Amino acid sequence: MSVEKEQVLNALQRVKGPNMDGNIVELGLVSEVVIKDDHAYFSITIDPKRAEELEPMRQAAEQVVKEMTKASGVTAVLTAEAAGGSGGSPPESSRVAQARAQNGAAPTGPKSIEPAGPAAAGVPGVKHIVAVASGKGGVGKSTVAVNLALAFQANG
């Protein structure tokens, strides 16, 4: 019997959300459910600041899907939305901001894309970070990220 996407989503309804206020499916945190050769892959969207804290939730999601679907394997990854959500607008150019100011309109975003401060120290236990980005939503960024993670895992 092959594993179906609906089975995975039904199993994931048993996993409580980050604040224990519902399940991760109802909260809209599960995305990119892919089944390949009876192996289930999916993403759980979280606040990146809570990644370490929510690792047990990711592990619980993998475990419940494996137990309830009899999948040959389950891989869940934690992912995060960029500030402003996916498909957001690019920073406003200085010329547009100046024109808005002259017409009395309020600015609508950052005036530049300069870093706010020194580079972050990184993620504990993570040696390398690969960014997957696009200026448009719905183009498969999460799918590419999951596939890269699996390829890196397979290569050690």
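The values are calculated or read from the model by the stated rules, or taken from the named source; none is laboratory data. All values derive from a computational prediction rather than experimental measurement. FYI the Cβ positions are ideal-geometry reconstructions off the backbone, even for glycines, and counts take in every protein chain you see. Areas reflect the complete protein model, heavy atoms only, side chains present, ligands, DNA and RNA absent. Shrake-Rupley method; radii C 1.70, N 1.55, O 1.52, S 1.80 Å.
T45: open to solvent by less than 70 Å² (accessible area, probe 1.4 Å), without any contact (Cβ under 8 Å) to a residue 60 or more places away in the chain and within 27 Å of S134 (Cβ to Cβ), yes or no? The answer is yes for T45. Tell me yes or no: at least one residue of the range 129-141 is closer than 18 Å to V8 by Cβ and at pLDDT 85 or above. Looking for residues that are closer than 18 Å to V8 by Cβ and at pLDDT 85 or above, one finds none in the range 129-141, hence no. If you go through the range 55-76 and keep only what is surrounded by fewer than 16 Cβ atoms within 10 Å (Cβ to Cβ) and in contact with a Leu (Cβ under 8 Å, 6 or more places away or on another chain), you end up with just E55. With respect to G85, is the statement that it is modelled with pLDDT of 85 or more and either over 21 Å from A133 (Cβ atoms) or surrounded by fewer than 19 Cβ atoms within 10 Å (Cβ to Cβ) (or both) true? Criteria not met by G85.
For beta carbons closer than 8 Å, sequence separation of 6+ or different chains, a first residue in the range 15-39 that is at pLDDT 85 or above and of a type in the set (S, T, N, Q) and a second that is assigned to a loop (DSSP other than H, G, I, E, B) and open to solvent by 50 Å² or more (accessible area, probe 1.4 Å), the qualifying pairs are N23/Q13; N23/R14. Taking the criterion of being open to solvent by 30 Å² or more (accessible area, probe 1.4 Å) and closer than 14 Å to V77 by Cβ, the residues of the range 31-42 that qualify are S31, E32, V34, H39, Y41.
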